[in-house]
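*Asks:* Pasting a structure below so you can have a look.
The values are calculated or read from the model by the stated rules, or taken from the named source; none is laboratory data. This structure is a prediction, so every number in the text was calculated from the model and none was measured. Ideal geometry is used to build each Cβ from the backbone, glycine not excepted, and the neighbour counts take in all protein chains shown.
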Amino acid sequence: MKIGFIAEPYEESHTSGMGYSVLQVMRHFLIEGENHEFIFYSSKPINPGLVPGVYTNIIVPKNFVKKFFYFRFFKNRPDALICMLPLLPLWVHPRVKIFPMFHELGSQKIKPQSFHGKVVAFVRDTVLMPLMLIRATHVIAVSHATETDLIKFYNLPRERMTVIHDGYQEWNQFSTDALDIEKRMKPYFFFAGKVKYRKNVHGIVSAFIAFKEHTKVDCKLIIAGDYGGDYHKKMMQELKQHNFDQDVFFLGYVSNPQMYALFTNAIACVFPSINEGFGMPIAESMSLGTPVITSNISATAEIAGDAALLVDPYDIKDISQAMEKIFFDNHLRESLILRGFERAKHFSWQKFAQKYLALIVELSKK
């Protein structure tokens, strides 16, 4: 088959969760689909060092309007076209079958605060998204939680969807270059991801303060991910009010070897997100033998299974008590580590690509 993939967002550094997924999808499609012909559409040239293999890379317009028309009249059309919702080409040639993958719903569950954000969300999620879902041949959701959201918010029939779980970053490959964590930062709880409201970083900070005030232990909190703005300032103000601003380290974006070291030396990864379509740091932590504290809602509970401490992300006391349990209970930590190793085996980009390609081939025959 000739399979097209819209590689957006294509990112070569400081990759977001979506950007990382785009790279992994391309890499593993090429590995698992050697009998297929692949066309990758991107707004800038794909680096062959990041995505090695045999494929055609076609540059498409960045502008939304131009991109809108491009996929209606484009030449060298594929048999099947894959895109990552909510990034969508709305008007696609009628002979092309579309198999979009959906990671998560955003504005439907967490309402934008700014006027611009509200306008963008309305146009994308209320006006355009239903049209794209109608046009789709079949929709792939990366979790059952996302599948449920699509049914709830778009009334999409379950038979038009298939759940295929994402893979995760295998940080072990960077172990040889990893540096030791500074002594002044140990022991510590760890969060990996962009510092934003949806990730509930404010909840982690508040819970850490409660944990410190109740236990009086020498413990730190490390946060690795891009940060800034009023959201970060408010958290720093809260930390200063409680005299814990020297106990929390916002590191920003870190290198891959440093990320490996941060995961493997942590007491636990704290990831109580308010909304996730998958929750990659959960699987990453488990694969490295790091216990996990995560939310009992959204996809995080689904990905964690019985291998993590599940908390109410809106309950600061609940998160704080989970921190306390893991900090003091070595038996619990060991149990979570063993269960985590087994749980992580359920997820891989190899499995994702194999299932996705098999599904496209099967449904394209109909």
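*Asks:* Do you know which residues across the range 330-348 are without any contact (Cβ under 8 Å) to a residue 12 or more places away in the chain and under 23 Å from E32 (Cβ atoms)?
*Replies:* Within the range 330-348, just K345 meets the criteria.
*Asks:* For the range 343-366: of the residues being part of a helix (DSSP H, G or I) and aromatic (F, W, Y), which is farthest from the chain's Cα centre (by Cα)?
*Replies:* Y356
*Asks:* Do we have D329 as in contact with a helix residue (DSSP H, G or I) (Cβ under 6 Å, 6 or more places away or on another chain), over 30 Å from E159 (Cβ atoms), surrounded by fewer than 21 Cβ atoms within 10 Å (Cβ to Cβ) and assigned by TED's automatic domain parsing to the domain that holds G225 here?
*Replies:* No: the conditions fail for D329.
*Asks:* Within the range 189-236, can you find the residues that are out of contact with any Asp or Glu (no Cβ under 9 Å at 6 or more places or on another chain) and polar (S, T, N, Q)?
*Replies:* Once the filter is applied, which keeps residues that are out of contact with any Asp or Glu (no Cβ under 9 Å at 6 or more places or on another chain) and polar (S, T, N, Q), the range 189-236 yields only N200.
*Asks:* Considering only residues that are more than 20 Å from A304 (Cα to Cα) and of a type in the set (S, T, Y), look in the range 130-161 and name the one that is surrounded by the most Cβ atoms within 10 Å (Cβ to Cβ).
*Replies:* Ranking the qualifying residues of the range 130-161, first place goes to Y154.
*Asks:* Scan (1) crowded, with 19+ Cβ neighbours inside 10 Å; (2) of a type in the set (D, E); (3) over 22 Å from Y197 (Cβ atoms) for the single condition E276 breaks and write down its number.
*Replies:* (3)
*Asks:* Here is a further query. Among the listed residues P281, P272, P291, which satisfies the condition of being farther than 25 Å from F102 by Cα and not small (G, A, S)?
*Replies:* Being farther than 25 Å from F102 by Cα and not small (G, A, S) holds for just one of P281, P272, P291, which is P291.
*Asks:* Against the conditions (1) surrounded by fewer than 19 Cβ atoms within 10 Å (Cβ to Cβ); (2) in a helix (DSSP H, G or I), where does G340 fall short? Just the number, please.
*Replies:* Single failed check for G340: (1).
*Asks:* Tally the residues that are β-branched (V, I, T), farther than 12 Å from L310 by Cα and over 15 Å from the mean Cα position of the chain (by Cα), restricting the search to the range 248-300.
*Replies:* Total meeting the criteria: 5.
*Asks:* Here's a follow-up. If I go through the range 334-360 residue by residue, how many of them are among the β-branched types (V, I, T) and not assigned by TED's automatic domain parsing to the domain that holds M26?
*Replies:* So the count comes out to 1.
*Asks:* Then there is this: Somewhere in the range 310-321, is a residue touching a residue at least 12 places away in the same chain (Cβ under 8 Å), outside any strand (DSSP E or B) and over 22 Å from I209 (Cα atoms)?
*Replies:* No.
*Asks:* Within the range 173-181, can one find any residue that is over 30 Å from F99 (Cα atoms) and in contact with a strand residue (DSSP E or B) (Cβ under 9 Å, 6 or more places away or on another chain)?
*Replies:* Yes - at least one qualifying residue is present in the range 173-181.
*Asks:* Still on this structure, please answer the following. Return yes when I297 is β-branched (V, I, T), in contact (Cβ under 8 Å) with a residue 60 or more places away in the chain and closer than 24 Å to A210 by Cα and no when it is not.
*Replies:* For I297, the condition - β-branched (V, I, T), in contact (Cβ under 8 Å) with a residue 60 or more places away in the chain and closer than 24 Å to A210 by Cα - is not met.
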